[in-house]
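Let me begin by presenting the structure, written as structure tokens, before commenting on it.
The values are calculated or read from the model by the stated rules, or taken from the named source; none is laboratory data. Model, not experiment: these values are computed from the prediction. Ideal geometry is used to build each Cβ from the backbone, glycine not excepted, and the neighbour counts take in all protein chains shown.
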Amino acid sequence: MINLILTIVILIAIMIFLYVWVVLKKKEVSSNNNQIKFEIKEIVAFMRRAFEEIIASSLYEGSPSVEEFNRRKARRRELQKALRSCMHGDIFAKKFVKLFMKDLLLGTYGLNETNVNAVIMFDHPERMSSQDQFEILLHVFQKEHNQEAFNKIIDKYNLDELSRLSDGTKGYQITEEQIREIYREERPRLTFQDKIDIIIQRVYQIYKGLGVIDELRDQNIDGVNGGTSGMPPDVVQNIDVADYLSQKRFIPRSYDAVWIFYRGKSIQLAFLGFGSEQELKRVCQNIYGFGNPGQLNESRGYIINDMADGSRVVVVRPKMAESWAFFVRKFNDSLVELDEQVKGDGADLAIRMLVYLVLGHQVTAITGRQGSGKTTLLKALIKYIDAKNIRIQETSFEIWARKMYPGKNILSFRETPTVSGQDGLDVQKKTDGSVNIVGEAATHSVVSYVIQAAQVASEYTLFTHHGKTLDKLINALRNSLIASGAFTNEKIAESQVVEALGFNVHLVLRSGKRYIERITEVIPLELNYEYPTHYKDYSRMTEKLDAFMDTMTEYFGRVTDRQSYAYRDVIVWEDGRYVVKDTITSQKVIEMTKNMDDDAADQFKAFLLQYWGESA
């Protein structure tokens, strides 16, 4: 009897143990499944399936009325259109897709205040990645500053200062330690709605967006690029990885490279990376597709295109480039007035001179390196072109003059795969334009047209160029005239350039500060094409040869080193302020005055008298 009781007790104990074990196991499995469910990659997979089902679902389900059917059809069409264009810089399409995702996440997926912290450890900053913290900071700043959020973060914490990098060189870099320190200082407090928005953005940028640069691209920065540093995949395969690791050296990969162009500075975001070559390739293949510009493949190793918001995008791929890479250059389509651009002591002097150059119908070349503010200055000068038909030629639309001056007669042209810049300039001749503006005189044919237009086809011309000095500007323009086939003689080509060119405004960017380095007048010199003929006066052959050698010496001297122009620096940036230098030539003053109305001419004369002590 005792044995029977013991046996029953043991059996009951075993059954209880098995029951408890099964229950605990189910809870563990459920917990693991729950944990997996709220991983970002699982949410991305859910979104992909959900959108596929929505697109593929029948519009006739439930026997809808005609009105309901049309509503479903329109909604699906709008969703399909948004999904195709949201990654190309279309902000409204992006917002539409994210709202759709938000409804799915809250309504179908079951994300709530209890489980939202399982997706990103919002309550445990020490367990968050630097990318998590950065995206939270950007979201919080966006609530107050919108597209200026990233600029505010950089300005507030001086993240654009030159620093010494790990390899001993100097450069601009924002590190993971800096982001974590900013996060500790800001201590952002997030509502449930904030957390949902942050998660939605993360899911969107992986599923349909542009990866880690998706929100950065929308910010008001000068540009962003990726894949432009670190070791390409082929190089990594050929290096001694063990040697790198033994020296405790990190192997930077091309897909870890994210750079921004901010106020003329290239800053590496060392805390961000695409994570894999596959992700970098996906972003490169998606970012250029606005307007169906064609296929990027090995035979066509690059594509230059616009994005929906007017940004310029360049994508390159192997084998043309050593790795996949993209470059987004953003152009501010808002007007920045001259007094907002030209600052510092004596700024009024430089501003008034710029205005009088336009009012005086002067052919003006605006030069400087990329990011120095050439296009921004050119846009501001258009304001002072009165009662003239303006025609603009660009490689891609950057000036957007009609957005800023809708009341002016303006038409812009740009190059396309089938229409060259020269073709566009030829068309301009037949469009009753009075003032020609060339966004960038970069190709030989365009330079040739600029010089021609400056002389005969328009009243005057404004254009930008990358010339570093006046001599290099004139040499580059001269060489382009020769390369285009318009001229064969260097001296004649050069004289054509200097006769066409009136002034050069040179901009510089140093230590993040933009200013006008100089405003220079170009002065053509009269060239005497008559050569000595004294050899005709001699009868003896030896004397004739001596005199003829003098003639040849004069010829070769003129061809090789005789300049066809002089120049005067009218206004210069010196010791931190704008100061007057040389006077404008009297011929140029008379020419400018004739092109002004009476009031402007009187003001110009008073301006010259005030600063140079003379008038026309």
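Quick grid of which residues meet (1) acidic (Asp, Glu); (2) more than 34 Å from the chain's Cα centre (by Cα); (3) closer than 19 Å to GLN219 by Cβ:
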{"site": "LEU99", "(1), (2), (3)": "no, no, no"}
{"site": "THR108", "(1), (2), (3)": "no, yes, no"}
{"site": "GLU144", "(1), (2), (3)": "yes, no, yes"}
{"site": "TYR157", "(1), (2), (3)": "no, no, yes"}
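Would you check if there is a residue in the range 89-109 being among the charged types (D, E, K, R) and farther than 30 Å from GLY291 by Cβ?
No; the residues of the range 89-109 include none that is among the charged types (D, E, K, R) and farther than 30 Å from GLY291 by Cβ.
Can you tell me which of SER434, SER458, SER480, SER484 is at pLDDT below 90, of a type in the set (Ser, Thr, Tyr), surrounded by fewer than 18 Cβ atoms within 10 Å (Cβ to Cβ) and touching a Ser or Thr at 6+ places or on another chain (Cβ under 7 Å)?
So the residue among SER434, SER458, SER480, SER484 that is at pLDDT below 90, of a type in the set (Ser, Thr, Tyr), surrounded by fewer than 18 Cβ atoms within 10 Å (Cβ to Cβ) and touching a Ser or Thr at 6+ places or on another chain (Cβ under 7 Å) is SER434.
Here's the yes/no breakdown for (1) under 15 Å from ILE198 (Cα atoms); (2) at pLDDT 95 or above:
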{"position": "SER129", "(1), (2)": "yes, no"}
{"position": "LEU138", "(1), (2)": "yes, yes"}
{"position": "LYS143", "(1), (2)": "yes, no"}
{"position": "ILE153", "(1), (2)": "no, yes"}
{"position": "GLU161", "(1), (2)": "no, no"}
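Considering the range 49-70 alone, what residues qualify as being surrounded by 12 or more Cβ atoms within 10 Å (Cβ to Cβ) and either out of contact with any helix residue (DSSP H, G or I) (no Cβ under 8 Å at 6 or more places or on another chain) or closer than 15 Å to ILE206 by Cβ (or both)?
Scanning the range 49-70 gives ALA50, PHE51, GLU68, PHE69, ASN70.
Select from the range 430-472 the residues that are charged (D, E, K, R) and more than 23 Å from GLN563 (Cβ to Cβ) and list them in ascending order. Working first, answer last.
Here is the first cut: in the range 430-472, the residues charged (D, E, K, R) are 430, 432, 440, 459, 468, 471-472.
Within the range 430-472, LYS430, ASP432, GLU440, GLU459 meet the criteria.
Looking only at residues that are touching a residue at least 60 places away in the same chain (Cβ under 8 Å) and outside any loop (DSSP other than H, G, I, E, B) in the range 179-192, which one is surrounded by the fewest Cβ atoms within 10 Å (Cβ to Cβ)?
PHE192
State whether one or more residues within the range 71-84 are surrounded by 19 or more Cβ atoms within 10 Å (Cβ to Cβ), at pLDDT 90 or above, at negative phi and out of contact with any Gly (no Cβ under 9 Å at 6 or more places or on another chain).
Checked the range 71-84: at least one residue is surrounded by 19 or more Cβ atoms within 10 Å (Cβ to Cβ), at pLDDT 90 or above, at negative phi and out of contact with any Gly (no Cβ under 9 Å at 6 or more places or on another chain).
Output the number of residues of the range 246-302 satisfying the condition of being assigned to a loop (DSSP other than H, G, I, E, B), of a type in the set (S, T, N, Q) and under 30 Å from SER511 (Cβ atoms).
0
Among (1) at pLDDT 90 or above; (2) surrounded by 22 or more Cβ atoms within 10 Å (Cβ to Cβ); (3) aliphatic (A, V, I, L, M), where does ALA401 come up short?
Condition (1) is where ALA401 drops out.
Of the conditions (1) closer than 15 Å to PHE604 by Cβ; (2) out of contact with any helix residue (DSSP H, G or I) (no Cβ under 9 Å at 6 or more places or on another chain); (3) among the hydrophobic types (A, V, I, L, M, F, W, C), ALA387 satisfies every one except a single condition; which number is it?
For ALA387, the failing item is (1).
Residue check, ALA442 against (1) touching a residue at least 40 places away in the same chain (Cβ under 8 Å); (2) under 24 Å from LEU507 (Cβ atoms); (3) not in a loop (DSSP other than H, G, I, E, B), all met but one. Which one?
Exception for ALA442: condition (3).
Take the residues in the range 315-354 that are in a loop (DSSP other than H, G, I, E, B) and aliphatic (A, V, I, L, M); name whichever of them is surrounded by the most Cβ atoms within 10 Å (Cβ to Cβ).
First, the residues of the range 315-354 that are in a loop (DSSP other than H, G, I, E, B): 317-324, 330-337, 342-344, 346.
This time we only want the ones that are aliphatic (A, V, I, L, M), so: 320-321, 335-336, 342.
Values: MET320: 12, ALA321: 16, LEU335: 16, VAL336: 14, VAL342: 23.
Residue satisfying both the conditions and the ranking: VAL342.
If only one of ASN3, ASN115 is surrounded by 10 or more Cβ atoms within 10 Å (Cβ to Cβ) and modelled with pLDDT under 90, which one is it? Step through it out loud before you land on a result.
Working: ASN3 fails: surrounded by 10 or more Cβ atoms within 10 Å (Cβ to Cβ).
Testing whether each residue is surrounded by 10 or more Cβ atoms within 10 Å (Cβ to Cβ) and modelled with pLDDT under 90 leaves just ASN115.
Starting from the range 363-386, take each residue that is under 13 Å from TYR460 (Cβ atoms) and in contact (Cβ under 8 Å) with a residue 12 or more places away in the chain and list its partners that are surrounded by 22 or more Cβ atoms within 10 Å (Cβ to Cβ) and polar (S, T, N, Q), counting only C-beta distances under 6 angstrom and pairs at least six apart or across chains.
These pairs meet every condition: VAL363/THR461; ALA365/ASN504.
Condition first: touching a Leu at 6+ places or on another chain (Cβ under 8 Å), more than 28 Å from SER495 (Cβ to Cβ) and not in a helix (DSSP H, G or I). Can you find one or more residues in the range 429-439 that meet it?
Scanning the range 429-439, I find at least one residue that is touching a Leu at 6+ places or on another chain (Cβ under 8 Å), more than 28 Å from SER495 (Cβ to Cβ) and not in a helix (DSSP H, G or I), so the answer is yes.
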